[in-house]
1. Identify, among 6, 195, 303, the residue whose Cα sits farthest towards the positive end of the charge dipole of the chain, taking +1 on the Cβ of Lys and Arg and -1 on the Cβ of Asp and Glu, with the dipole about the Cα centre.
2. In the calculated pair distance distribution of segment 180-321, what percentage of Cα-Cα distances lie above 27 Å?
3. Once a ≥ b ≥ c are taken as the square roots of the eigenvalues of the Cα gyration tensor of segment 2-171, is the result rounded (a/c under 1.5), prolate (a/b larger than b/c) or oblate (a/b not larger than b/c)?
4. If I take R0 = 30 Å and measure r between the Cβ atoms of residue 129 and residue 268 in this structure, what FRET efficiency does the formula 1/(1 + (r/R0)^6) give, to the nearest 0.05?
5. What's the local net charge at residue 30, with K and R +1, D and E -1, over the other residues with C-beta under 15 Å away?
6. So what is the calculated 222 nm ellipticity per residue for the chain, using -39500 (n - 2.57) for each DSSP H run with n of 4 or more, over all residues, to the nearest 500 deg cm²/dmol?
7. Counting other beta carbons within 10 Å of each Cβ, put 234, 151, 124, 73 in order, fewest first.
8. If each residue of separation counts as 0.36 nm, what is the full-extension length gain between residue 2 and residue 227 once their alpha-carbon separation is subtracted?
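None of the figures in this text is laboratory data; all of them are computed from the coordinates on show. Because the structure is a prediction, the values reported are computed rather than measured. Positions of Cβ are backbone-derived with ideal geometry, glycine not excepted, and every protein chain shown enters the neighbour counts.
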Amino acid sequence: TRRSFIRGTGGYLPEKVLTNEDLSTMLDTSDEWIRERTGIQKRHVAADGELTSDIATAAARQALEAAGMTAQDIDLIVLATTTPDQTFPATATAVQAKLGCGPSAAFDVQAVCSGFLFGLATADSMLKQGLFNRALVIGAETFTRILDWSDRGTAVLFGDGGGAVVIEAVEWDGADDAGIITHHIRTDGTKSDLLYVDGGVSSTGTIGHVRMEGNRVFKHAVTNISSAIQAVLDETGLTAEDIDWFVPHQANKRILDGVAKKIGIPEEKVVITVDQHANTSAASIPLALNHAVRSGRAKKGDLILSEAMGGGFSWGASLFRL
Ligand code: ACO
């Protein structure tokens, strides 16, 4: 049988920083309100002309370096994004060209904040199937470009950034809980009116802006994420105590705390980066994972539980060993 392993992680945040103080000069909000309700302190904003594919490429380069590989070693790129460079071709194709990959397939997946986990499940399945051997799975966003800067209920919550992992599949007859172990992904299209963009190619012909009923999303988030995690634990027979690091999608510290408490993961095992870069949608899990690895906290062999929830609704959980 074949199994996929994570070989390297990378991340990139645009240079420009927008603090809560900066936002409070633009909107009727305050540093205190944002910190208390979300845990966010600042966010990064892509420069004029800086594209999602540039951010993705920077993160991918770092992941390749960490894996000790070059672009030529990669035969699959799966890029999760809600903010593509263009309607088509897929932003992954721009990344493929910028990196200078050899013969390979490259495409985007769209599951908003859950995009990275959907992308990881997709790439992992294709690698295990034997279609490809080494994949870049990337989450990258220029999410600030779809924000309505006059809506304080959403403008304060999001930022730009990108994260990436290199995964490789090899023949494996060893332990079942090595490498990438399992995924549980779900969607519920009947809740799309609670979090969406009010524009698009076939509906309005415009790009549109993010619209959200934050309070209702919050409640669904804790319930859906907890059920995905429970599904993963039930499938593997593992318990919350077995988890070394909890690497959640970084939307809001209160959601993270709520989920960690519900499943019984102590605070010191929760990786939190939302304070530093707000909600970067599909980029937040690989950014948090990269942070955990580069800060020396998460080490080879550690068991990692990841989860996400976002527009769609889409949500999921993944379990893997570094
Ligand atoms: N500054 C000051 N006041 C604000 C702001 C702001 N930026 N935004 C909203 N308010 C006001 C509201 O207008 C409201 O005022 P009112 O009582 O006079 O009507 C008051 O604050 C309370 O609003 P609520 O929406 O009830 O506040 P809540 O405690 O739910 O916090 C928040 C709002 C932070 C959006 C929260 O609901 C949340 O985080 N929801 C999850 C949404 C999310 O993270 N989505 C991301 C994508 S999905 C995902 O990744 C999980």
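1. It is 303.
2. 22 percent
3. prolate
4. 0.20
5. Neighbour charge sum, excluding residue 30 itself: -2.
6. Rounded to the nearest 500, it is -10000 deg cm²/dmol.
7. Listed from fewest to most nearby Cβ atoms, that is 234, 151, 73, 124.
8. 78.2 nm
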